[in-house]
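All remarks here apply to the structure that follows.
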Amino acid sequence: MGMTMTQKILAAHAGLDSVEAGQLISAKLDVVLGNDITTPVAVNEFNKAGFTDVFDKDRIAIVLDHFVPNKDIKAAEQSKQCREFACSHCVSHFYDVGKMGIEHALLPEQGVVTAGDCIIGADSHTCTYGALGAFSTGVGSTDMAAGMATGTAWFKVPSAIKFNLKGNLHKNCSGKDVILTIIGIIGVDGALYKSMEFCGDGVASLSMDDRLCICNMAIEAGAKNGIFPVDDITISYLGGRSERKPQIFTADADAVYEKTIDINLSEIVPTVSCPHLPENTHPAKELGDVKINQVVIGSCTNGRMEDMETAYKILNGKKVAENVRCIIIPATMQIYKECIQRGYITAFIDAGAVVSTPTCGPCLGGYMGILAAGERCIATTNRNFVGRMGHVDSEVYLASPATAAASAITGYITCPKEN
């Protein structure tokens with residue numbers, strides 16, 4: 001019986017010739033990730049279990065990205081605990097203020113993760129790295145603690161859904177519109193504990209930033225992971241940055257999938273997920289009467305360079321609508337710096353937006369953009385649950401950077417023009 005990409009990676013890391021869906025395995029880990037919210041809990045469990053050292057100081061990444069620079073005393077204490085742990089165990093991949101970034105943009109950028117890896121992270125959007133041809137998934141802080149100490153984790157091998165992509169996206173669409181459309185089709189539990197495997201001729205038309213965005217939101221469909229095949233675009237991206245040699249795994253011709261879903265990229269339109277579930281999707285052009293109070297462009301889903309470029313092209317020389325707050329957050333310091341060099345930051349400020357150093361702050365209702373009762377925000381983030389970005393009577397609409405930027409100018413949800 002053939003194996004999927006995900007199953008081949010898991011088999012290799014479990015030291016087995018083959019695995020099948022539903023099988024319980026113990027696999028070696030290439031990277032264990034935590035952030036300033038989840039790492040302190042993992043450290044407490046690490047100490048409680050009596051562990052005294054990490055399995056490999058070069059295979060652990062701790063990224064302070066949710067509440068940094070620290071927003072309050074609790075955040076400061078959490079960051080301090082992370083710093084002390086990283087220092088005491090000589091963790092080489094520790095990212096603090098000044099060199100931090102949003103973890104799921106930072107690790108690929110810095111080459112910490114690569115094709116063929118088996119990765120766990122104490123953050124649900126760790127599934128992002130499947131864009132590089134890796135198996136990556138979110139876990140709890142206890143599993144992170146065990147992973148840091150032993151370099152292993154247990155998994156139930158997931159079954160898979162094949163998404164056969166064909167055609168090309170319109171110029172006003174991006175990976176965000178693709179994944180929102182897919183979630184609208186299958187629902188927030190449509191891939192529950194399954195691998196979402198993307199393939200087909202249409203893959204070649206998607207940039208690495210598109211793929212990272214798509215895999216990032218696999219969890220919003222309930223998936224265990226999302227994954228793309230390794231192609232020339234992947235190899236080009238990994239070249240010169242990967243710390244380890246990429247390992248390429250391909251699905252067998254007779255791999256077993258629960259089902260195959262065909263997605264014609266040329267039929268994708270700018271899409272918005274309305275409150276209060278990511279599956280509540282509608283074409284942006286149908287929502288022109290929805291007035292907004294805030295726009296957020298950033299997050300681990302859409303804070304990459306292509307996202308900043310898209311926002312710049314729409315906002316440059318324009319003005320954010322009266323009574324609309326527009327918050328733009330480059331996902332890493334490298335992206336922030338490039339935005340400065342390209343003149344994007346000046347254009348954003350001239351348009352009436354504010355620009356922040358990298359942070360997850362507004363996405364989870366932490367800081368840098370909390371909503372009051374009755375307020376609406378269109379955001380390039382990944383979740384729009386009740387109270388996700390502030391008051392339980394606020395509303396969050398999920399969209400692409402193009403749709404968010406176009407909406408910032410009009411003050412209403414607006415379908416971006418095809419340039």
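The values are calculated or read from the model by the stated rules, or taken from the named source; none is laboratory data. None of these values were measured; they are calculated from a predicted model. Note: ideal-geometry Cβ built from the backbone for every residue, glycine included; neighbour counts use all protein chains shown. Surface accessibility is based on the protein's heavy atoms, side chains included, excluding ligands, DNA and RNA. Shrake-Rupley method; radii C 1.70, N 1.55, O 1.52, S 1.80 Å.
If we scan the range 209-226, do we find a residue that is assigned to a loop (DSSP other than H, G, I, E, B), on the phi > 0 side of the Ramachandran plot and surrounded by 24 or more Cβ atoms within 10 Å (Cβ to Cβ)? Walk me through it before giving the result.
We begin by selecting, within the range 209-226, every residue assigned to a loop (DSSP other than H, G, I, E, B); these are 222-224.
From what's left, on the phi > 0 side of the Ramachandran plot: 222.
Within this subset, residues satisfying the condition of being surrounded by 24 or more Cβ atoms within 10 Å (Cβ to Cβ) are none.
Within the range 209-226, none of the residues are assigned to a loop (DSSP other than H, G, I, E, B), on the phi > 0 side of the Ramachandran plot and surrounded by 24 or more Cβ atoms within 10 Å (Cβ to Cβ).
Would you tally the residues in the range 320-368 being more than 28 Å from ASP393 (Cβ to Cβ), of a type in the set (Val, Ile, Thr) and surrounded by 18 or more Cβ atoms within 10 Å (Cβ to Cβ)?
Going through the range 320-368, the residues more than 28 Å from ASP393 (Cβ to Cβ) turn out to be 330-351, 355, 357-358.
Next cut, of a type in the set (Val, Ile, Thr) only: 332, 335, 340, 345-346, 349, 355, 357.
From the residues that got through so far, the ones that are surrounded by 18 or more Cβ atoms within 10 Å (Cβ to Cβ) too are 332, 335, 345, 355.
Of the residues in that region, 4 qualify.
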Please indicate, with yes or no, whether at least one residue in the range 166-174 is within 20 Å of the chain's Cα centre (by Cα), open to solvent by 10 Å² or more (accessible area, probe 1.4 Å) and polar (S, T, N, Q).
yes
Six or more apart or on different chains, Cβ atoms under 6 Å: show the pairs whose first residue is in the range 83-107 and on the phi > 0 side of the Ramachandran plot and whose second is surrounded by fewer than 24 Cβ atoms within 10 Å (Cβ to Cβ).
CYS90/LYS57
Quick one: GLY138 ticks every box in (1) in contact with a His (Cβ under 9 Å, 6 or more places away or on another chain); (2) open to solvent by less than 10 Å² (accessible area, probe 1.4 Å) bar one, so which box is it?
(2)
Can you tell me how many residues within the range 176-193 are touching a residue at least 40 places away in the same chain (Cβ under 8 Å) and either acidic (Asp, Glu) or surrounded by 24 or more Cβ atoms within 10 Å (Cβ to Cβ) (or both)?
7
Go through (1) of a type outside the set (D, E, K, R); (2) in contact with a Gly (Cβ under 6 Å, 6 or more places away or on another chain); (3) under 25 Å from ALA14 (Cα atoms) for PHE67 and report which single condition fails.
(3)
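Could you tell me whether VAL295 is open to solvent by less than 40 Å² (accessible area, probe 1.4 Å), farther than 21 Å from GLY187 by Cβ, of a type outside the set (Lys, Arg) and assigned to a strand (DSSP E or B)? First the steps, then the outcome.
On the way: open to solvent by less than 40 Å² (accessible area, probe 1.4 Å): yes; farther than 21 Å from GLY187 by Cβ: yes; of a type outside the set (Lys, Arg): yes; assigned to a strand (DSSP E or B): yes.
For VAL295, the condition - open to solvent by less than 40 Å² (accessible area, probe 1.4 Å), farther than 21 Å from GLY187 by Cβ, of a type outside the set (Lys, Arg) and assigned to a strand (DSSP E or B) - is met.
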Cβ-Cβ under 9 Å pairs, at least 6 apart or on other chains, the range 1-28 side under 14 Å from ASP252 (Cβ atoms) and in contact (Cβ under 8 Å) with a residue 60 or more places away in the chain, far side part of a helix (DSSP H, G or I) and open to solvent by 50 Å² or more (accessible area, probe 1.4 Å):
none
Is it the case that GLU306 is crowded, with 16+ Cβ neighbours inside 10 Å, acidic (Asp, Glu), more than 21 Å from LYS162 (Cβ to Cβ) and touching a residue at least 60 places away in the same chain (Cβ under 8 Å)?
yes
Could you say which residue among PRO362, PRO330 is under 20 Å from the mean Cα position of the chain (by Cα) and free of Cβ contacts under 8 Å to residues at least 40 places away in the same chain?
PRO330
On the given criteria, is ILE119 open to solvent by less than 10 Å² (accessible area, probe 1.4 Å), touching a strand residue (DSSP E or B) at 6+ places or on another chain (Cβ under 6 Å) and among the aliphatic types (A, V, I, L, M)?
yes
Take GLU375 and tell me if it is surrounded by fewer than 20 Cβ atoms within 10 Å (Cβ to Cβ), out of contact with any strand residue (DSSP E or B) (no Cβ under 9 Å at 6 or more places or on another chain) and among the acidic types (Asp, Glu).
no
Select from the range 265-290 the residues that are open to solvent by 40 Å² or more (accessible area, probe 1.4 Å) and either within 18 Å of GLY411 (Cα to Cα) or not in a loop (DSSP other than H, G, I, E, B) (or both) and list them in ascending order.
SER266, GLU267, HIS282, LYS285, GLU286, GLY288, ASP289
Within the set of pairs 6+ apart or on separate chains, which have a first residue in the range 256-271 that is touching a residue at least 60 places away in the same chain (Cβ under 8 Å) and small (Gly, Ala, Ser), a second that is surrounded by fewer than 18 Cβ atoms within 10 Å (Cβ to Cβ) and part of a loop (DSSP other than H, G, I, E, B), and C-beta atoms under 9 Å apart?
SER266/GLY167; SER266/ASN168; SER266/HIS170
Check off (1) within 20 Å of LEU10 (Cα to Cα); (2) in a strand (DSSP E or B) for ARG244 and give me the number that stays unchecked.
(2)
PHE385 passes all but one of the listed conditions (1) crowded, with 24+ Cβ neighbours inside 10 Å; (2) within 19 Å of the chain's Cα centre (by Cα); the exception is number (1)
Can you tell me which of (1) over 21 Å from LYS162 (Cβ atoms); (2) under 21 Å from the mean Cα position of the chain (by Cα); (3) assigned to a loop (DSSP other than H, G, I, E, B) is the one SER236 doesn't meet?
(3)
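Could you please let me know if MET148 is assigned to a helix (DSSP H, G or I) and either farther than 25 Å from GLY22 by Cβ or among the hydroxyl-bearing types (Ser, Thr, Tyr) (or both)?
Values: assigned to a helix (DSSP H, G or I): yes; either farther than 25 Å from GLY22 by Cβ or among the hydroxyl-bearing types (Ser, Thr, Tyr) (or both): yes.
When the stated conditions are applied, MET148 passes them.
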From ASN225, ASN293, which residue is modelled with pLDDT of 95 or more and in contact with a helix residue (DSSP H, G or I) (Cβ under 6 Å, 6 or more places away or on another chain)?
ASN225
